[in-house]
1. How high is the FRET efficiency from Asn145 to Ala82, r the C-beta distance, R0 25 Å, rounded to 0.05?
2. With each pseudo-label sitting 7 Å past Cα toward Cβ, what's the Glu453-Asn491 distance in nm, one decimal?
3. Once fully extended, how much extra length lies between Ala396 and Ala4, figured as 0.36 nm per residue of separation less the alpha-carbon to alpha-carbon distance?
4. Going by C-beta contacts inside 10 Å, put Asp163, Asp429 in order with the fewest on the left.
5. Can you compute the charge dipole magnitude of the chain about its Cα centre, using +1 on each Lys and Arg Cβ and -1 on each Asp and Glu Cβ, nothing else charged? Give it in debye, rounded to the nearest 20.
6. Where in the stretch 452-483 is the amide nitrogen less than 17 Å from a point lying 7 Å along the Cα-to-Cβ axis of Thr224?
7. Could you tell me the relative contact order of the stretch 354-441? Use alpha-carbon pairs under 8 Å, at least six residues apart, and round to a whole percent.
8. From the backbone phi of the stretch 120-131, what are the Karplus-calculated ³J(HN,Hα) couplings (6.51 cos²θ - 1.76 cosθ + 1.60, θ = phi - 60°) in whole Hz, Gly and Pro given as x?
Amino acid sequence: MSEAHPVSLTIRNGVKMYPGTQALKGVDFDLHMGAVNVLVGENGAGKSTMMKIIAGVEALTSGTITLDGKEVVFADKADAVARGIGIVFQELNLFPNLTVAENIFMAREKTVRGFHIDREAQSQAARALMQRLEQDIDPETPLGNLRIGQQQIVEIAKALAQDARILILDEPTSALSASEVDVLFRIIEDLKRHGVGIVYISHRLEELIRIGDYITVLRDGTITGSRPMEGVDIPWIVRNMIGSASKDFPRTEAHPFGDEVFRAEKICLPRLGGGYTVDHVSLEVRAGEIVGLYGLMGAGRTEFLECVMAQHPQSTGHFFIEGKPLKTHSVAGRIDRGLALIPEDRKRDGLVQIMSIRENITLSSLYKLAKGFHLSIAAEAKAAAEFVKQLTIKIASQEHPVSSLSGGNQQKVVIGKALMTRPKILLMDEPSRGIDIGAKAEVFRTMRRLAAEGLGILFVTSDLEEVLALSDRILVMANGRITGTFPSGANPADVISATVPDRSSRIVQ
């Protein structure tokens with residue numbers, strides 16, 4: 001197989017350091033041409049970091065990269081593109097106010113005599129790319145008018161337009177329908193026939209086996225498995241992702257759960273283009289219980305929490321708080337009924353960066369601190385101080401901007417803001433994302449203490465260790481549905497396997 005698929009790019013002893021963490025630990029990687037090189041690992045394993053290094057977005061701290069037998073150092077992404085390396089990032093890098101054609105040729109515009117943009121030539125080339133991708137998308141359509149799956153197709157077209165010899169696809173199917181995935185796989189087969197080397201990153205294990213020629217598994221910045229795909233099955237991938245034995249996570253002393261505090265029944269969120277982003281999801285949480293909702297990107301977990309908080313008016317189904325129907329359809333009304341959400345993106349959705357720590361903590365509870373039509377600053381400062389102390393938020397002054405805090409302390413401010421509303425159920429979306437290991441441990445301790453005090457917690461995570469460490473009960477979500485239910489102390493391999501659709505729908509007592 002190696003003769004048919006020669007190695008073009010290699011990394012040897014690759015190390016990447018960031019402040020406070022080592023993302024890559026002496027990795028050795030071979031990229032085979034005319035083949036799909038699949039890369040798999042848990043959240044934070046180092047996959048995207050390694051691909052950013054190959055694409056010139058990041059540089060190795062130490063180690064070497066060779067391309068066609070010669071050692072290279074990419075100055076930046078443009079340098080990598082000039083050497084024939086293209087990447088489709090997991091997060092779309094597009095301009096919604098520009099047309100499809102303008103997005104495809106952004107920074108590489110076709111011109112007349114080098115001065116004027118040749119819009120007609122760009123439109124024709126974009127139309128040809130859309131035909132190649134079997135998409136009926138008008139190149140002059142504003143990108144913002146397209147649904148997210150079509151935008152993902154445009155991102156792929158943008159990479160194809162660069163005629164890359166090495167193409168990196170980071171979670172390319174996360175927003176695609178089944179028919180669009182089939183089209184993408186046909187394009188990949190065509191690229192392979194033309195000798196293009198493809199790196200394919202995905203959490204969808206069945207996709208990797210279907211499309212891959214070679215596989216590399218990363219765990220905690222280290223390569224734990226690398227081989228041709230023949231003979232590889234899902235259990236082999238899982239063993240190399242998480243190790244042969246489950247880890248023993250320290251837990252606090254068990255406490256009794258109370259009555260049901262929250263229930264969702266048959267929650268549906270329609271998807272543009274057909275189907276459901278959230279597909280008839282039903283679950284319940286008891287007082288004092290921590291329920292982990294585990295799944296991969298695109299599983300519908302975040303969208304489910306948004307439905308709970310009335311952020312999708314088109315959603316259907318029923319919610320209950322302490323057994324009573326939740327009929328209010330406003331965010332404020334649901335906060336009043338005892339719901340609170342810690343959003344995934346704390347900087348964008350959880351905090352106002354230019355406001356002080358005090359103002360951010362009290363932002364959802366100002367009505368409690370007002371006297372008539374006037375806000376009592378003294379009462380606000382006293383209330384904020386209570387939560388700063390309770391959550392051990394490290395600050396010099398409440399009046400400093402919240403942007404001056406570390407990521408972990410910013411997350412605690414968001415938690416404090418939610419707790420100040422006196423919730424009965426706390427929804428947490430990726431509560432430890434973007435914070436260091438010490439801050440993560442503090443957030444975990446806070447969650448356990450709150451549960452011990454009787455608060456019901458439903459938290460979303462794509463981190464297997466996190467869901468095993470924290471949960472009293474684990475629900476797995478895939479393709480918008482609950483596909484597995486597991487108790488505390490579940491086998492990690494069973495939890496991961498429930499994210500694979502053809503192995504889904506299981507309950508472990």
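1. Once the sixth-power term is evaluated, E becomes 0.15.
2. 3.9 nm
3. Stretched out fully, the Ala396 to Ala4 stretch lengthens by 134.9 nm.
4. Ascending number of Cβ neighbours within 10 Å: Asp163, Asp429.
5. 1240 debye
6. What the label zone holds, given the 17 Å backbone N cut-off, is 462-469.
7. 38 percent.
8. For the stretch 120-131, the Karplus-derived couplings read 5, 5, 5, 5, 5, 5, 5, 5, 5, 5, 5, 5 Hz, x marking Gly and Pro.
Values quoted throughout were computed directly from the atomic coordinates according to the rules given, and no laboratory measurement underlies them. Everything quoted here is computed from the prediction, not taken from an experiment. All Cβ positions, glycine included, derive from the backbone under ideal geometry; neighbour counts span all protein chains shown.
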